[in-house]
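Each remark here refers to the structure printed beneath this line.
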Amino acid sequence: MSEPATLNGLKDQADGLRELFGQTPPPVHVVCCPSRPALALSMVNELSQGLIELERTVMWVDEIDFAHREQWPLPCKVKFDLSKTLQGYVDLDQSVTPIQPTLWYGLSLHTSRIEDSVQTLSDRLMRSGIEFDTVVVSTAALKAESFKHYGPRIHCTALTGCEPQELNQTFEWLAHTQDQTPVASWSLVLAGEPGTSENSVGWAEEKVRTVLGPHVKVLGQIQTPATQLPFNGAWSRWPELKATLANHLLIH
């Protein structure tokens with residue numbers, strides 16, 4: 001993808017029309033499993049495939065450190081970390097790569113360290129010549145400082161185990177994210193032994209909604225602990241949940 005001259009301060013006719021009619025930036029969906037970060041990789045990978053099958057154009061931003069990937073390889077060669085582009089050091093086409101014609105990938109391990117970016121990722125994508133329908137971020141806990149650099153509309157989905165320690169980790173991530181950036185919507189997916197996920201719904205209603213507000217939504221429950229979920233093809237085992245998650249990304 002060649003980044004057009006508009007990013008260097010030049011404005012073409014399309015830029016004028018965007019400003020006149022107020023083009024809406026793509027929503028940013030953040031997916032995190034605080035107790036097992038690599039699960040966000042498999043979830044975003046399968047959700048992205050589902051979205052492009054629906055003829056959507058997707059940017060996948062990957063914040064998962066190499067130590068937490070559970071040997072999941074990068075899906076393509078990476079020239080520069082996305083943070084280099086957001087700081088204005090390299091052009092967008094140097095830090096994002098097309099995996100498929102409508103699925104683009106960018107590794108973003110250092111974006112949370114940026115204090116001020118020159119331009120958000122959403123703004124750059126609107127000027128890229130490709131209309132992106134959504135940005136999906138696979139992230140680990142305590143990286144919420146990066147979200148403001150991706151776009152103005154952030155939607156957060158947490159995959160959480162149902163043991164007390166896992167629930168606390170998830171709550172800490174949710175609270176930390178709320179402190180760092182405005183969030184348009186919150187959602188949860190629960191994964192635990194039979195019986196424990198039902199109890200965790202009560203936890204979500206009482207503890208999480210008390211802090212984050214009534215707009216927190218439980219999207220689904222998996223009767224398997226997060227620590228035991230198969231990494232490859234995990235979400236194909238729950239097609240209804242996968243469809244619910246994909247629909248959530250489409251309507252937000």
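The values are calculated or read from the model by the stated rules, or taken from the named source; none is laboratory data. Model, not experiment: these values are computed from the prediction. Positions of Cβ are generated from backbone atoms using ideal geometry, with glycine treated the same way; all protein chains shown enter the neighbour counts.
Tabulated results
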| item | result |
| --- | --- |
| Number of positions in the range 59-82 that are closer than 15 Å to Q119 by Cβ and either free of Cβ contacts under 8 Å to residues at least 60 places away in the same chain or surrounded by fewer than 15 Cβ atoms within 10 Å (Cβ to Cβ) (or both) | 1 |
| The range 69-82, residues that are at pLDDT 95 or above and either of a type in the set (F, W, Y) or part of a helix (DSSP H, G or I) (or both) | F80, L82 |
| Residue satisfying all of: in the range 159-176; crowded, with 17+ Cβ neighbours inside 10 Å, free of Cβ contacts under 8 Å to residues at least 60 places away in the same chain and closer than 23 Å to L249 by Cα; farthest from the chain's Cα centre (by Cα) among these | F171 |
| Identity of the residue in the range 229-240, more than 17 Å from E53 (Cα to Cα) and not aromatic (F, W, Y), that ends up surrounded by the most Cβ atoms within 10 Å (Cβ to Cβ) | L229 |
| Only listed residue being closer than 30 Å to G213 by Cβ and assigned to a strand (DSSP E or B), chosen from S117, S138, S112 | S138 |
| Residue that is nearest to the chain's Cα centre (by Cα), among those in the range 47-68 that are among the β-branched types (V, I, T) and assigned to a loop (DSSP other than H, G, I, E, B) | I64 |
| Where I130 falls short, out of the listed (1) part of a loop (DSSP other than H, G, I, E, B); (2) of a type in the set (A, V, I, L, M); (3) under 14 Å from the mean Cα position of the chain (by Cα) | (3) |
| Conditions (1) without any contact (Cβ under 8 Å) to a residue 40 or more places away in the chain; (2) β-branched (V, I, T); (3) under 29 Å from H149 (Cβ atoms); number of the one not met by V201 | (3) |
| The lone exception for T244 - which of (1) more than 30 Å from D133 (Cα to Cα); (2) in a helix (DSSP H, G or I); (3) among the β-branched types (V, I, T) it fails | (1) |
| Some residue of the range 125-135 being among the aromatic types (F, W, Y), buried (at least 19 other Cβ atoms within 10 Å of the Cβ) and modelled with pLDDT of 95 or more | no |
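Here's the yes/no breakdown for (1) farther than 30 Å from D116 by Cα; (2) at pLDDT 85 or above:
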residue: S185; (1), (2): no, yes
residue: E206; (1), (2): yes, no
residue: G220; (1), (2): yes, yes
residue: L229; (1), (2): yes, yes
residue: K242; (1), (2): yes, yes
residue: A246; (1), (2): yes, yes
residue: L249; (1), (2): no, yes
